[in-house]
Amino acid sequence: MWPGFRGPHRNGIVAGVQIKTDWTTSPPVAMWRRPIGPGWSSFAVRGDLVYTQEQRGPDEVVACYKLTTGEPVWAHRDKARFWESNGGPGPRGTPTLSNGHVYTIGATGIANALDAGNGAVVWCATRRRKPP
């Protein structure tokens, strides 16, 4: 389990796992492919579910897919679109999983706590700007 960035020791090393690196004799096999929206999010994995954030048109989306098939399970949408010239559109953060919840912070500052099984909102907080 990787509870945080680069693993429990923050060194990017997975202890006890051997990965075949001679891809000439044993190439990796793609299990599935699915187009998703732009963004810089990676995937958080628990059991047979994977979670990510992506941009879909005017919406910032927290999405859940089946690990084994890539089929969508649920998607939570917030009306938000972030774009910058050096990174393009989409959210920047990877979801965090804890105690049956998915926690996300979108690129515009929207924080969500969602039910990991069905995507129902547990709570949502938005960044409020002070009037000029």
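The values are calculated or read from the model by the stated rules, or taken from the named source; none is laboratory data. Everything numeric in this text was worked out from a predicted model, so none of it was measured. Because the Cβ atoms are built from the backbone with ideal geometry, glycine has one as well, and the counts that use them run over all protein chains shown. The protein model used for the area step is the full one, side chains on, heavy atoms only, and it has no ligands, DNA or RNA in it. Shrake-Rupley method; radii C 1.70, N 1.55, O 1.52, S 1.80 Å.
Data table
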{"item": "Accessible area (Å², per residue) of the chain, counting only protein heavy atoms and a probe of 1.4 Å", "result": "69"}
{"item": "q = 0.12, 0.30 Å⁻¹: log10 I(q)/I(0) that the Debye formula gives for the range 51-110, counting C-alpha atoms only", "result": "-0.29, -1.28"}
{"item": "For the chain, alpha-carbon Rg relative to the globular expectation (2.2 N^0.38 Å, N residues)", "result": "1.19"}
{"item": "Share of carbon and sulfur in the accessible heavy-atom surface of the chain [1.4 Å probe, %]", "result": "57"}
{"item": "Spin-label model distance (nm) - residue 33 vs residue 125, 7 Å beyond Cα toward Cβ", "result": "4.1"}
{"item": "The range 57-132: trypsin sites (Lys or Arg not before Pro) in DSSP coil with no more than 10 other Cβ atoms inside 10 Å", "result": "127, 128, 129"}
{"item": "Ranked order, 71, 84, 54 - accessible area, probe 1.4 Å, largest first", "result": "71, 84, 54"}
{"item": "Sorted peptide list for 13-23, 97-107, 30-40, criterion being average Cβ within 10 angstrom, highest first", "result": "97-107, 30-40, 13-23"}
{"item": "Rough spin-label spacing in nm, given labels placed 7 Å along Cα→Cβ, for residue 99 and residue 19", "result": "3.2"}
{"item": "Student exercise, the chain dipole from Lys, Arg, Asp, Glu Cβ charges, in Debye to nearest 20", "result": "420"}
